[in-house]
1. Determine whether A:G223 is within 11 Å of another protein chain (Cβ to nearest Cβ) and either surrounded by fewer than 20 Cβ atoms within 10 Å (Cβ to Cβ) or at pLDDT 95 or above (or both).
2. Looking only at segment B:21-40, which residues are open to solvent by 10 Å² or more (accessible area, probe 1.4 Å) and in contact (Cβ under 8 Å) with a residue 24 or more places away in the chain?
3. Considering (1) open to solvent by less than 30 Å² (accessible area, probe 1.4 Å); (2) within 21 Å of A:L180 (Cβ to Cβ); (3) of a type outside the set (S, T, Y), say which one A:P163 fails and leave the rest.
4. Of everything in segment A:46-67, what is within 23 Å of A:T332 (Cα to Cα) and touching a Ser or Thr at 6+ places or on another chain (Cβ under 9 Å)? Give them in sequence order.
5. What number of residues in segment A:59-118 are over 17 Å from A:V8 (Cα atoms), buried (at least 19 other Cβ atoms within 10 Å of the Cβ) and modelled with pLDDT of 90 or more?
6. Against the definition (touching a residue at least 12 places away in the same chain (Cβ under 8 Å) and open to solvent by 30 Å² or more (accessible area, probe 1.4 Å)), how does A:L240 come out, yes or no?
7. Inside segment A:17-34, can you point out the residues that are in contact with a Lys or Arg (Cβ under 9 Å, 6 or more places away or on another chain) and open to solvent by 60 Å² or more (accessible area, probe 1.4 Å)?
Amino acid sequence: MEPSKVLVVHPESGIRALLVRMLSSFGYATKSVTTGEEAIEETASGEIPVVLLDLDLPGMSGPETLRALRAMAPAPEVVVTTGRGTVDSAADAARYGAFDFVPQPFDFKDLSQILRAAYDQTLRHRQAQHIKAALKAHDPFPDIVGKSTGIKRVLALIHKAAPTHSPVLIQGESGTGKELVARALHAHSPRAKLPLTILDCGALQDTLLESELFGHERGAFTGAHGLKHGLFETANEGTLFLDEIGEMSPATQVKVLRALQSGEFRRIGSNRQIRADLRIIAATNKDLREEVKRGRFREDLYYRIAVIEIHMPPLRERGEDIPLLVEHFLHTNAYGGRQRLQVTTEALNCLMTYPWPGNIRELRNCIERLSVLAENQVLTVESLPPSILKSAQPKESSDALADLPLEEVERLHILRTLERHRWNKKRAATILGIDTKTLYNKLRRYGVPLGGRPDGERPAPSREPRAGD
Amino acid sequence: MLVCDDDERIRQSISEALALESFDVETAERAVDAIQKIMRTSYRALVLDLKLPGLGGLDAISIIKRLNERLPIIVMTGHASYETEQAVRAAGVFYYLVKPFSLKELTEAVKAAARFQEGGKARG
């Protein structure tokens, strides 16, 4: 097996040299750099599975470097270290997706084991990607989450429409996941070997929009000297996703219609016709039929793009999908470290009652923010933003527990009890009628950090009266 | 507004053109500098040269997209090969500028990007 590669990022040359020497003796192929900037340039090749990162860096800071490294695809696992060892920096690092934290001075045997574990994690991740690809047949649309009737209907339509070449029109409010539907349609089409090309028709005015769509010839207009191919050309044999098509001006609508009818277009400033074999998927948050009636959208273009129509239901009509979506976003969160955030039943209830005017996008942003801010890896009612608390009236509802597996009910109940009693595990165990050891075992099984919240330290404000406290 | 180009004259002239449109402009010489700035400040748009020393524009785009998916990226390139343009399109950019371009085209694109970003509008 080839030696696993580790990139050491440390500002001090003495420590750097020592680390390289020691890690090489443990069998790692080690490289080293001085700054965060260099670390990113070095890692961009995608060939470095593990980075050992000192947090006290000049220029781009340690935490910034960590964030940028974890934003790569594929991302390396990052083990962070600091000479000024504080618990705070470790907690911050975990939030931004560090694999582990190692204090200095180093215990090299420990360090080597942690790096090995990080390396294994990278391998597991990459294997998981392969498995995910292999399981495509089993769960063909992993990003479209939900089991409500509305979303099932959407999935069935995607399933039928994807393998065809027919244009699809996706309608739905902002934030309902229209782009995900477009991606799923493309990924399961015969055109999937090419990337999906996306254009937001509402963002650009006519001249720029047409330049993006059709490109321009050298010297097409004053100042434009170079050749631009445009989306009709670069998306050839692929899929072009025209988002916000309802915003397209009548002038551009005519040009797009002509190109779609003839399968040919001209770059701006050129007389040469170029053939384009495109599948069009369009999306809008408007009622396009209504726009046609009002004369704002061309009827002939409507019928050309709306061969198959998919309506995305708003999130408020699919509240039952919220627990699954929350779970999904916690799982796919870019900052997700090793420990998964737990959500209390009350918090979940609130999330299920809130009407989500910004739909799934708002929910996702909310979960992302909360996972960065959450203390002790538990998301409670108190950590929810006021806007959500205000509109959702949390009630002791048993509905939220409907359709949950027994084990999940137990997990939520235990977390809630702990929460109510400031993570005093002994007291929680007494109330739950189990011994402390059993409680610890259960927590370990749920992946709740046993250190959890150090008893008595920084008690979270609780809305619950704490009788007997 | 953030402008990233390794050519100082280009940084300068773009900054001046955008300042005339009352945009606050900051500049970065290298892609890693731009990435750092993006983590510290929220910009309304990024104007990014594709051919940069060190971390290239295309790699930078994919990192920046994950750090801030709502930041519109306007790409500038002098080498508009079909493959390059296709790769940039696939990475998802707001507008694709072929050098040499008119300052009018640039400012129009930047204004559209700022409007887009302000509207908080993102796909979905």
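1. So A:G223 fits the description; yes.
2. B:E21, B:F23, B:V25, B:E26, B:T27, B:E29, B:R30, B:D33, B:K37, B:I38, B:M39 - these are the residues of segment B:21-40 that are open to solvent by 10 Å² or more (accessible area, probe 1.4 Å) and in contact (Cβ under 8 Å) with a residue 24 or more places away in the chain.
3. Checking A:P163 against (1) open to solvent by less than 30 Å² (accessible area, probe 1.4 Å); (2) within 21 Å of A:L180 (Cβ to Cβ); (3) of a type outside the set (S, T, Y), the one that fails is (1).
4. Within segment A:46-67, A:P49, A:V50, A:V51, A:P63, A:T65 qualify.
5. Qualifying residue count for the region: 1.
6. Judged against the criteria, A:L240 is not a match.
7. A:F26, A:K31
Residue by residue, here is whether (1) farther than 22 Å from A:D243 by Cα; (2) more than 8 Å from every other protein chain (Cβ to nearest Cβ); (3) part of a helix (DSSP H, G or I); (4) at pLDDT 90 or above holds:
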position	(1), (2), (3), (4)
B:P53	yes, yes, no, yes
B:I63	yes, no, yes, yes
B:E69	no, yes, no, no
B:A80	yes, no, no, no
B:Q86	no, no, yes, yes
B:R89	no, no, yes, yes
B:K104	yes, no, yes, yes
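The values are calculated or read from the model by the stated rules, or taken from the named source; none is laboratory data. Just so you know, these numbers come straight off a predicted model, no measurement behind them. Note that each Cβ is placed from the backbone with ideal geometry, even for glycine, and that neighbours are counted across all protein chains shown. We work out accessible area using only protein heavy atoms, side chains counted, and drop any ligands, DNA or RNA first. Shrake-Rupley method; radii C 1.70, N 1.55, O 1.52, S 1.80 Å.
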